[in-house]
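What follows is a short report on a single structure.
The values are calculated or read from the model by the stated rules, or taken from the named source; none is laboratory data. Every value quoted in this text rests on a predicted model; they were computed, and no experiment measured them. Positions of Cβ are backbone-derived with ideal geometry, glycine not excepted, and every protein chain shown enters the neighbour counts. Heavy atoms of the whole protein, side chains included, go into the accessibility calculation; ligands, DNA and RNA do not. Shrake-Rupley method; radii C 1.70, N 1.55, O 1.52, S 1.80 Å.
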Amino acid sequence: MGADSLAVALAQLRDVLGAVRLPFDLPGSTQAATQAREATAQLDDYVLPRLARLEAPLLAVVGGSTGAGKSTLVNSVIGRTVSTPGVIRPTTRSPVLVHHPADASWFTSDRILPGLARTHQPAHDPRTVQVVAEPTLPRGLAILDAPDVDSVVAENRALATQLLAAADLWLFVTSAARYADAVPWDYLRQAAERRAVVAVVLDRVPPAAMVEVPAHLGQMMSQRGLADSPLFAVPETTVDAAGLLPDSAVAPIRGWLADLAQDAVARQSVVLQTLDGAIAHLAGLAPQVADAVDAQRAALATLSEDAEKSYAEAVRTIAVQTADGSLLRGEVLARWQDFVGTGEFFRAVEQKVGWLRDRMMAAVRGEPKQAIDVSVAVESGMEVLIREEGEAAAVRTASAWEAHPAGRQLLGTADDLSRASADFDLAARRTVRDWQADVMELVSELGAAKRSRARFWALGVNGVGVALMILVFSQTAGLTGAELGIAGGTAVLAQRVLEAIFGEDQVRKLAKQAKDQLDGRVQVVMATELARYLDRLAAVDVRGEQAEALRAAVAAIEPARRELSLPALPVVDQPAVPAAPAIPELDAATTRPAITGEVVEGTVLDPEEDG
């Protein structure tokens, strides 16, 4: 039951990792996406198949640097050419998998590496693996010759990483000229972190360096968590007519592999150690991917909040400025004064409403265009206010998004999100006109009441409507100085005219209703503008629930591992390094020993810096 429970937990983890999407280019997101992709591949290629068949043959993957002699080593260990070395770099592009004929069923199917097609002929397609049956290879062991880990071809590097992640055993090949290069050590560091079983082959060692170089490499391995890994040194020598190394040069490697294949306990211990290390590595990696998903979700929320705040501010500003008297300036004030007259009209209101009704009726009949002029001025002033605030909201949103890496990514789309939409001017105009129609409908319905009908028709629908608009615009009286005396007085006039028609309580209700309708229509037009940003965010494939799913999958793995009760891992005997004495103590000043022969340039790691 332990293996079954663990398989279920890992399958769940695989499904979630495979579905992870990190569309925003945030710090660390590219690395997390790569981790998710590689983890999914390792689960498919190795962990789940190996967990299902623990008794399957041991797969040793031979990997290493360009020109390290991997293919020549594989051929020499096998005793014949099964993998053609490349003279022109890059070398091996298609992996070659060599197995005993009796083990064919394990490797000709897609049990492992299901993403690679099988072929029995030499291939140059990184999407295929050449399968070679070799009767001299011990049963229970397969050897896979992988592409160069530092190949100039990206496909080769990616395939090498994939194949090493699918290995029960790494046989890592480097050369005396390049054993301290950075790229191989990156892979060896990953192997140490995953607790994978690794054997290192130091190839092409000049005879004069057979003492110093293996000892130095052994010390580097000890410093980097590979103290228990076997180390083989292969001397620099000539190959025979078939391109094979002398048997004496590779006999220790061949013997160690044969012993491993024939010892069921040792072979199983290698499988379990690498498998358990891979599972532990995946369990530690998944929370990092979950954190990256959280960062995507947080970025989405931040951008959404930035846009919503910008447009909420636009709505708030318009709500304030359509109530604090700000609109009772300029053209609106002038047209209102033209409509109601000046001091004589206001004194008439103070004297008696009956005289006011007569005066207003004469005024409206004599100058019907003046009420319309006020309405037009109101429309123009409000339209300008809405346009300005809508444009300001777009600028605020774009500025906030520009300051965020995810926002910058979204601003680069075809739709210009740095300004209001192309039809916003028309929408603003329609919003004001629709509100004015609301006001006219309000006063028209209420004005039909019998008690106030005479006064209402004396002023007219337009006249009562504009008076209500003026009253709405002056509810919080934000004017100062001379404007307060002029506009404030005319606002009082509008209120008294309306009270004479509808009554004080009804006027308050009318003003509130008209203001609420105005605020509502402004919210609608701004929400339409805001929707451009929210729709763009909604189109981004961020799946925030994946973070919780990943953590839940990881939480289920550890109990299943304990339930499996993996047996204690026996110690695998390690062969002595040919011609290498005990590793001496090196002080901080020790440098890499000189090597006789051609040295290929590469990035060299300082043991002290990386230790």
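Would you confirm whether or not region 23-33 contains a residue that is among the β-branched types (Val, Ile, Thr) and touching a helix residue (DSSP H, G or I) at 6+ places or on another chain (Cβ under 9 Å)? Write out each step before concluding.
Within region 23-33, the subset among the β-branched types (Val, Ile, Thr) is 30.
Keeping just the survivors that are touching a helix residue (DSSP H, G or I) at 6+ places or on another chain (Cβ under 9 Å) gives none.
Looking for residues that are among the β-branched types (Val, Ile, Thr) and touching a helix residue (DSSP H, G or I) at 6+ places or on another chain (Cβ under 9 Å), one finds none in region 23-33, hence no.
Here is a list of conditions, (1) of a type outside the set (Ser, Thr, Tyr); (2) under 26 Å from Ala242 (Cα atoms); (3) out of contact with any strand residue (DSSP E or B) (no Cβ under 8 Å at 6 or more places or on another chain); (4) in contact (Cβ under 8 Å) with a residue 60 or more places away in the chain, and Arg111 meets all of them except one; can you say which number that is?
Just one mismatch for Arg111, condition (2).
Quick one: which of Ala406, Ala362, Ala394, Ala348 is modelled with pLDDT under 60, open to solvent by less than 10 Å² (accessible area, probe 1.4 Å) and assigned to a helix (DSSP H, G or I)? Reasoning before the result, please.
Working: Ala406 fails: modelled with pLDDT under 60; Ala362 fails: open to solvent by less than 10 Å² (accessible area, probe 1.4 Å); Ala394 fails: modelled with pLDDT under 60.
After ruling out the rest, the residue left standing is Ala348.
If you check Asp25 against the conditions, is it open to solvent by 30 Å² or more (accessible area, probe 1.4 Å), more than 16 Å from Ala158 (Cα to Cα), of a type in the set (Asp, Glu) and at pLDDT below 90?
On the way: open to solvent by 30 Å² or more (accessible area, probe 1.4 Å): yes; more than 16 Å from Ala158 (Cα to Cα): yes; of a type in the set (Asp, Glu): yes; at pLDDT below 90: no.
No; evaluated as a whole, the condition is false for this residue.
Which residues, counting only those in region 142-165, are assigned to a loop (DSSP other than H, G, I, E, B) and among the hydrophobic types (A, V, I, L, M, F, W, C)?
Our first condition is that a residue be assigned to a loop (DSSP other than H, G, I, E, B); within region 142-165, this holds for 149-153.
Within region 142-165, Val149, Val152, Val153 meet the criteria.
Which of the following residues is in a helix (DSSP H, G or I) and of a type outside the set (A, V, I, L, M): Gly325, Gly255? Explain how you work it out, then say what you get.
Values: Gly325 fails: in a helix (DSSP H, G or I).
Unique residue meeting the criteria: Gly255.
Out of all the residues in region 409-441, which are surrounded by 13 or more Cβ atoms within 10 Å (Cβ to Cβ), under 29 Å from Gly28 (Cα atoms) and of a type in the set (A, V, I, L, M, F, W, C)?
Result: Leu410, Leu411, Leu417.
Of all residues being in a helix (DSSP H, G or I) and of a type in the set (D, E, K, R) in region 262-305, which is surrounded by the fewest Cβ atoms within 10 Å (Cβ to Cβ)? Just the residue, please.
Within region 262-305, the first condition is being in a helix (DSSP H, G or I), and the residues that meet it are 262, 264-305.
Within this subset, residues satisfying the condition of being of a type in the set (D, E, K, R) are 267, 276, 291, 294, 297, 305.
Numbers: Arg267: 22, Asp276: 16, Asp291: 15, Asp294: 16, Arg297: 17, Glu305: 11.
Looking at residues that are in a helix (DSSP H, G or I) and of a type in the set (D, E, K, R), I get Glu305.
Conditions: (1) in contact with a His (Cβ under 7 Å, 6 or more places away or on another chain); (2) of a type outside the set (Val, Ile, Thr); (3) at pLDDT 85 or above. Arg93 meets all but one. Number of the miss?
Single failed check for Arg93: (3).
Does Ile78 meet the test of being of a type in the set (A, V, I, L, M, F, W, C) and open to solvent by 10 Å² or more (accessible area, probe 1.4 Å)?
On the way: of a type in the set (A, V, I, L, M, F, W, C): yes; open to solvent by 10 Å² or more (accessible area, probe 1.4 Å): yes.
Here the answer is yes, as Ile78 does meet what is asked.
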